[in-house]
Amino acid sequence: MRKILILATSLLLVACGGKSTDDLIKDKDLTALKTKKTELQAEIAKIDAALLGGGKAPESEALVSVLTVKDTVFNHYLEIQGSVDTKENILVQPEFSGTLTSLNVKAGQRVSKGQILGRVDDAGMSQQLASIENQYALAKTTFERQKNLWDRKIGSEIQYLQAQTQMISAQKSVAQMRAQVSKTLIRAPFSGTIDEVFVERGQVVSPNPQGLMRIVNLSNMFVSTTVPESYIGKLKVGTTVDVFLTSLGKTYKGKVRQVGSFINPSNRSFGIEVSVPNPDNLLRPNQVAKLKIIDYTAKNALVVPTNVVQEDGEKNKFVFVATNVNGKKAVAKKVIVTIGKSSDNVTEVLTGLSANDVVVTEGVNTISDGMKLNF
């Protein structure tokens, strides 16, 4: 028993590498502390087993979970936040000031492009238009008669030209007045849904920041955001993007439809637009979206869960591999690896592992090199 206790003390001193716990804490070497803790736990387990077994220390055996490494396609994503928007989301403004004599729509109503939404009092312009149209009709008749006479060589050329000029002038006056009267009609600029109406019939209206109503079309949605300039060569029109809507808990497949040509000097970024389908009409302007854009792809890659990759006191990355899996007892083996990018809680392993290697995924903090494994 005394020999075992002496052995325990010696192991503790060796495990600490000649440094006391206070020294390690003072150096703030967290990696070394974690490594020493794992080694100490394994050695203490052996000592406890020896004490309980009357001085004979059986080999430790750890219960772990494992994963067989396979070739797979590994994608790394650029994850950024954006805002859902649509180009067809405007406040409808009147072109003519006056009393709103009619209002033909209400909130929630679907409208078509060019549909009359309301009418503003034209202040007598309709009567003026009727008068000018009569003048044009008279001028047109006069010209046609004068033309008939001129074709038969009757009358003077000046009379013919004067009649023609008067008709053309009256025609232009009619067109001008019709354009003015048409401004009293409020038409839908595009097909969509009336989201909100801000006025009532009989109210005096004029162009103002509030507008008369808001019309929105949800069939042409996109997400706008900015991307660091380091990705300017990795994003192209047509690049597939995963668009996750936090408020809906749903992911949509979108495509980059526009890449900005200007770098913002204040934050060294450029803008992009990602078109997003909206088959269920669940997307709304200003919703928050998280974009996952593939910026790196590796075919036949070897990946492991990110949490199984550890670091030893010499800053080497390593994983534990189960060897002799087909034998009586599997044994843990520490394997130094070189890692690449990480994404979605997995990490690409560039060197150190081969396909069909069995990697320990759970219980990695309780094992050491050479320990027998049970899974």
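The values are calculated or read from the model by the stated rules, or taken from the named source; none is laboratory data. Here the structure is a predicted model, which means the values were calculated and not measured. Every residue, glycine as well, gets a Cβ built from its backbone with ideal geometry; the counts of neighbours run over all protein chains shown.
Some points to look at:
- Single match in Phe270, Phe244, Phe222, Phe262 (criterion: over 18 Å from Val288 (Cβ atoms), touching a residue at least 24 places away in the same chain (Cβ under 8 Å), in contact with a strand residue (DSSP E or B) (Cβ under 7 Å, 6 or more places away or on another chain) and outside the structural domain of Ala123 (by TED's automatic domain parsing)): Phe270
- Verdict on Ile132 being within 30 Å of Leu282 (Cβ to Cβ) and crowded, with 16+ Cβ neighbours inside 10 Å: no
- Boolean, Pro265 is within 30 Å of Thr86 (Cβ to Cβ) and at pLDDT below 90: no
- All strands (runs of 3 or more DSSP E) inside segment 316-375 with 2 or more residues being crowded, with 20+ Cβ neighbours inside 10 Å and either in contact with a strand residue (DSSP E or B) (Cβ under 6 Å, 6 or more places away or on another chain) or in contact (Cβ under 8 Å) with a residue 40 or more places away in the chain (or both): 317-323, 330-336, 346-351, 358-362
- Screening Gly313 with (1) at pLDDT below 90; (2) within 32 Å of the chain's Cα centre (by Cα) gives one miss only, at (2).
- In segment 86-101, the condition of being in a strand (DSSP E or B) and modelled with pLDDT under 85 is met by no residue.
- Candidates are the residues of segment 155-186 that are touching a helix residue (DSSP H, G or I) at 6+ places or on another chain (Cβ under 8 Å), hydroxyl-bearing (Ser, Thr, Tyr) and in a helix (DSSP H, G or I); the one that is surrounded by the most Cβ atoms within 10 Å (Cβ to Cβ) is Ser173.
- Any hit, segment 295-304, residues being of a type in the set (S, T, N, Q), in a strand (DSSP E or B) and within 17 Å of Ser65 (Cβ to Cβ): no
- Residue count for segment 217-228, restricted to those that are more than 16 Å from Tyr77 (Cα to Cα) and either in contact with a helix residue (DSSP H, G or I) (Cβ under 8 Å, 6 or more places away or on another chain) or not in a loop (DSSP other than H, G, I, E, B) (or both): 4.
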